[in-house]
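What follows is calculated from the coordinates using simple rules that are stated; it is not laboratory data. Bear in mind the structure is a predicted one, so any value in this text is a computation, not a measurement. Note that we place each Cβ from the backbone using ideal geometry, even for glycine, and neighbour counts take in every protein chain shown.
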Amino acid sequence: MAANTINSCTWYRFTLVHRPGFSLDIINDGDAHEDGKLQIAPTGCYTGQHWQLIPSLSGQYRLRTWYTGPDMYLDVRSENDLDPHLTSEGPKIGRCWYVVLNNDGTVKLQLQIAGQDYFLGSKYDESWSRNWRPFLSERGDPSQIWKMESVGRVNPNFDTKPHDVGW
C-alpha cells in the first residue's frame with residue numbers, strides 16, 4: 001500500500017508478517033483501554049484493531065483506534081520510556097508516525113524522537129498479555145514489518161478532521 005493511497009476515512013488493520021493471524025490491538029479488559037495499553041492479539045473484527053490514520057502536513061500520520069475513540073493517539077511515554085501506547089490529547093513526544101512502504105507492499109511504522117528513527121514491532125515477553133507485546137526499536141528486524149489492510153469505512157460522525165495544533 002503506497003502512503004499516498006492512505007485514506008483518513010478508512011479503518012486499517014496492522015497484522016504482523018512474522019506472526020500471521022496476529023494484529024496490533026488494544027487491551028480491553030477493565031480500565032486498560034483508558035490506559036492505552038497495546039497488545040498483539042489474534043486477528044479478528046475487533047474495534048481495537050481498527051486504526052485510523054490522520055495525515056499531517058509533514059507527511060506523517062497520527063494513529064487512533066475505533067475502540068478508544070477520536071481523542072486517543074498512538075504515542076510513547078517519553079524520550080526515555082519508549083513504551084508504545086495510546087494517550088489522550090496534550091503535548092506528547094511522538095504523536096506523528098511515518099508509514100514506510102516496503103517493496104513487497106508491507107509497511108513499517110516509523111517514529112522519530114530526538115533525531116533517532118524507531119520502528120514499531122513486537123517481542124516475546126512472558127509477563128505480557130498473550131506473551132507478545134508491541135515495542136519500539138532502532139534495529140531492523142522482521143517483527144517490525146506489518147501488513148496494512150483496509151477493514152472498513154470510518155463513520156462520518158467519527159471526528160476525522162486533522163488537528164493543527166503542534167504540527
> Among Ile40, Ile145, what is the fewest-to-most ranking by other Cβ atoms within 10 Å?
Replying inline: Ile145, Ile40
>> Give me the percent relative contact order of segment 6-151, please, defined on Cα pairs under 8 angstrom at least 6 residues apart.
In response: 24 percent
> Within a Cβ distance under 13 Å of Lys147, other residues only, what is the Lys/Arg minus Asp/Glu net charge?
Replying inline: +1
> Which whole-Hz ³J(HN,Hα) couplings does segment 64-76 yield from phi under the Karplus relation 6.51 cos²θ - 1.76 cosθ + 1.60, θ = phi - 60°, glycine and proline marked x?
Replying inline: 9, 10, 5, 4, 8, x, x, 10, 10, 10, 5, 7, 10
> What is the distance, in nm, between label points placed 7 Å from the Cα along the Cα-to-Cβ direction at Asp125 and at Asp141?
Replying inline: 1.3 nm
> How large is ³J(HN,Hα), in whole Hz, for each residue of segment 116-124 in order, when computed from phi with the Karplus curve 6.51 cos²θ - 1.76 cosθ + 1.60 and θ = phi - 60°, using x for Gly and Pro?
Replying inline: 9, 9, 10, 10, 7, x, 9, 9, 6
